[in-house]
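A.B. asks: The following block contains the structure, expressed as structure tokens.
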Amino acid sequence: MNNLMKTAVTLMVCTTMQAQKPMILGDNHAMMRVEQGKKYLLLPVQEKEENAHVVVVGNDNEMTERLNVRLAVDKVDYYIPLEVGKGRLLDITFHGDRRTTGAVKDFACWKEMKYSNTFDTDNRERFRPAYHHTPIYGWMNDPNGMFYKDGVWHLYYQWNPYGSQWENMTWGHSTSKDLIHWEAQPTAIKPDWLGTIFSGSCVVDKDKVVAFYTSAGHHQTQSMAISKDNGKTFEKYSGNPVLTSDVPDFRDPKVFWNEDAKVWNLILAAGQEMRIYSSKDLKQWKFESAFGKEYGNHGGVWECPDLFEIKDEKVNMKKWVLICNINPGGPFGGSATQYFIGDFDGRKFTCESMPKVTKWLDYGKDHYATVSFYNAPENRRVVLAWMSNWQYANQVPTQQFRSANSIPRDLGLFTDGEESYVSVVPSKEMDALRGNKTKVPTETCEVVVDLKGTADITLCNAKGEQTTIHYDAQKRELSMDRTKSGNVSFSEAFPCVTTAPTHGQLKQLRIFIDRCSIEAFDAQGKVAMTNLVFPSEPYNNIKVKGGKATIYEIKN
């Protein structure tokens, strides 16, 4: 478990009880009675296997839950908890090839299923970040529904509570008072008959928190849920779905109050365009316009939009920004975040750049699904991203959990020539983590490099593994080479060099290192680059040519 994340889930220190034998009904079908008296049935997972479809049956033979889980066939990689109180019977259908996996009655899962009152969430992963948000266990992808209220930052996220690969999409929930230390909260929104719970957003409407999300069933529709306890629990709206379409990829609603137009606006992704709606009551939505045809990058499906105004007093600029995450189509393959700058009148977004201009928010390989917090204090525009890439997110070398969020970042504006751009800097909350100076890097540290011109910064260890950051002052480019960074064998798409324009001369870099990630920023916000790395041992040496490095410990 992230040592900066608290959780009410306790360690598994009590004795466990083995589950009873299954009832084998056929070559791929079995049932098992669920005994009461314990809190959890611990299901053994083997990641290389196919998903088994599990229906939880209640007392009146009604279905109380359905899930997909990779039940162990011949070995156990880890366990996931199923709450016993949800049903009395499990109806399980396997989808693997019996010719290679063998007879269902001999599967390891039957011998390894156990009952317990607790579930172990202790950190067993050496690559789990120390100061980035992660789920306490299981898979995580897009950040969802982020908002700030009464001194608390709320982060929801796409979560699989039944395994460490993508499946069973649910809204997990964490809260923080400082954007750094996160406390795990109970599951926020669970799948229902309309579908699993895909990405969306939250708004604060008087004393209520209203969530909008995609119900991913046979088709993707938009639904709403209301919380009267500051986002802890939600009641789904009886009139769901509130928005439908015949477009296959129709998802990720971002809702916000437009003070100038005095309406609620909603923007969502529809194939390779963004659609904009308006509403007076958050229930009835009117289509206003679409944006995207021929603009920017169209190498993949457009997803996870955001639309907001930035007022940057430092440069006396005010612009509307439309965030558009895309997969695939990123500058180095797979997932990435592009954006457009322009104007928005409550009905139509008008981009100020030429259609073919593409602007990327981060030039690393592992920065996706970027969205902002609603209602952030001091008129700040604070964003988080999913720190991974769909090309290999299911294969990275962790098992207890998969994926983290980027450090929080504040957005602003700057110009280069005739174009306007979004600036990206670490949020000021990161400054509080800066500890004592140290002579050598550690697995969790911040490196500040004062540049004299063209420079090379190499982070390395005794195994010969290294990541090199190169700044070319003449070409005005920043690059990061992770081809020799450590374990790169799990995906052909992982070893790479990422390169970014710097939009002018760089004076200082801020580099954040956290066990499996390196995030590099120009101190003025003109370039950001996020990449995962998996060294076999931490980088404990740094070589700097063309600058001077100051290394700070990260305070836990």
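Only the coordinates and a few stated rules stand behind these numbers; no lab work does. Here the structure is a predicted model, which means the values were calculated and not measured. Quick reminder, even Gly has a Cβ in these numbers, built from the backbone with ideal geometry, and neighbours come from all protein chains shown.
A.B. asks: So for region 295-350, Kirkwood radius off the Cα pairs, Stokes-Einstein at 4 °C and 1.567 mPa s: how many µm² s⁻¹?
C.D. replies: 106
A.B. asks: State, to one decimal in nm², a quarter of the convex hull surface area for the C-alpha atoms of region 124-176, i.e. the direction-averaged projected area.
C.D. replies: If you wrap the Cα atoms of region 124-176 in a convex hull and average its projections, you get 4.1 nm².
A.B. asks: Given the chain, what whole percent of its Cα pairs are spread farther than 35 Å?
C.D. replies: That tail contains 38 percent of the Cα-Cα pairs.
A.B. asks: How many percent of all Cα-Cα pairs in region 145-302 sit more than 18 Å apart?
C.D. replies: Looking at region 145-302, the distances longer than 18 Å represent 60 percent of pairs.
A.B. asks: Between the DSSP loop rule and a limit of at most 12 other Cβ atoms within 10 Å, which chymotrypsin sites (Phe, Trp or Tyr not before Pro) in region 242-293 are left?
C.D. replies: When the chymotrypsin sites (Phe, Trp or Tyr not before Pro) of region 242-293 are filtered for loop state and at most 12 Cβ neighbours within 10 Å, nothing remains.
A.B. asks: Related question: Fully extended, how many nm does the chain gain between Glu378 and Gln474 (0.36 nm per residue separation, minus their Cα-Cα distance)?
C.D. replies: The span from Glu378 to Gln474 would gain 30.8 nm if fully extended.
A.B. asks: How large is the charge dipole for region 76-141, taken about the Cα centre, if only the Cβ atoms of Lys, Arg (+1) and Asp, Glu (-1) carry charge, to the nearest 20 debye?
C.D. replies: 120
A.B. asks: Determine Rg/Rh for region 359-462; Rg is computed over alpha-carbon atoms and Rh is the Kirkwood hydrodynamic estimate from the same atoms.
C.D. replies: Radius of gyration over Kirkwood radius for region 359-462 works out to 0.99.
A.B. asks: What pairs from Lys356/Lys507; Lys254/Lys286; Lys475/Lys507 go past 19 Å between their alpha carbons?
C.D. replies: Exceeds cut-off: Lys356/Lys507.
A.B. asks: List every residue whose amide H lies under 5 Å from the amide H of His133, counting only residues 5 or more places away in sequence or on a different chain, with H placed 1.01 Å from N in the peptide plane.
C.D. replies: Distant-sequence amide H within range of His133: Asn405.
A.B. asks: Using the Cα centre of region 5-149 as origin and beta-carbon charges of +1 (Lys, Arg) and -1 (Asp, Glu), tell me which of Ala103, Tyr79, Gly58 is placed farthest towards the positive end of the dipole.
C.D. replies: It is Tyr79.
A.B. asks: Please compute the modelled spin-label separation between Val440 and Lys548, points set 7 Å along Cα→Cβ, answer in nm with one decimal.
C.D. replies: Going by the 7 Å Cα→Cβ label model, 2.3 nm.
A.B. asks: Which residue, chosen from Tyr115, Pro143, Phe94, occupies the Cα position most advanced towards the positive end of the dipole of region 78-152, where the dipole is computed from +1 (Lys, Arg) and -1 (Asp, Glu) charges on Cβ about the Cα centre?
C.D. replies: In region 78-152, that residue is Phe94.
A.B. asks: Please get the size of the charge dipole for the chain, origin at its Cα centre, with Cβ charges of +1 on Lys and Arg and -1 on Asp and Glu, quoted in debye to the nearest 20.
C.D. replies: 760
A.B. asks: On full extension of the chain, what length is gained from Lys428 through Asp74, given 0.36 nm per residue of separation minus the C-alpha to C-alpha distance?
C.D. replies: So the extension gain works out to 122.5 nm.
A.B. asks: Direction-averaged shadow area of the convex hull around the Cα atoms of region 454-503, nm²?
C.D. replies: 3.8
A.B. asks: Summing -39500 (n - 2.57) over the DSSP H runs of n ≥ 4 in the chain and dividing by its residue number, what mean residue ellipticity at 222 nm do you reach, to the nearest 500 deg cm²/dmol?
C.D. replies: Mean residue ellipticity, 222 nm, calculated: -500 deg cm²/dmol.
A.B. asks: Using bins 10 angstrom wide from zero, how does P(r) for region 341-414 break down, in % of all Cα pairs?
C.D. replies: In whole percents, the pair-distance histogram is 15, 35, 34, 14, 3.
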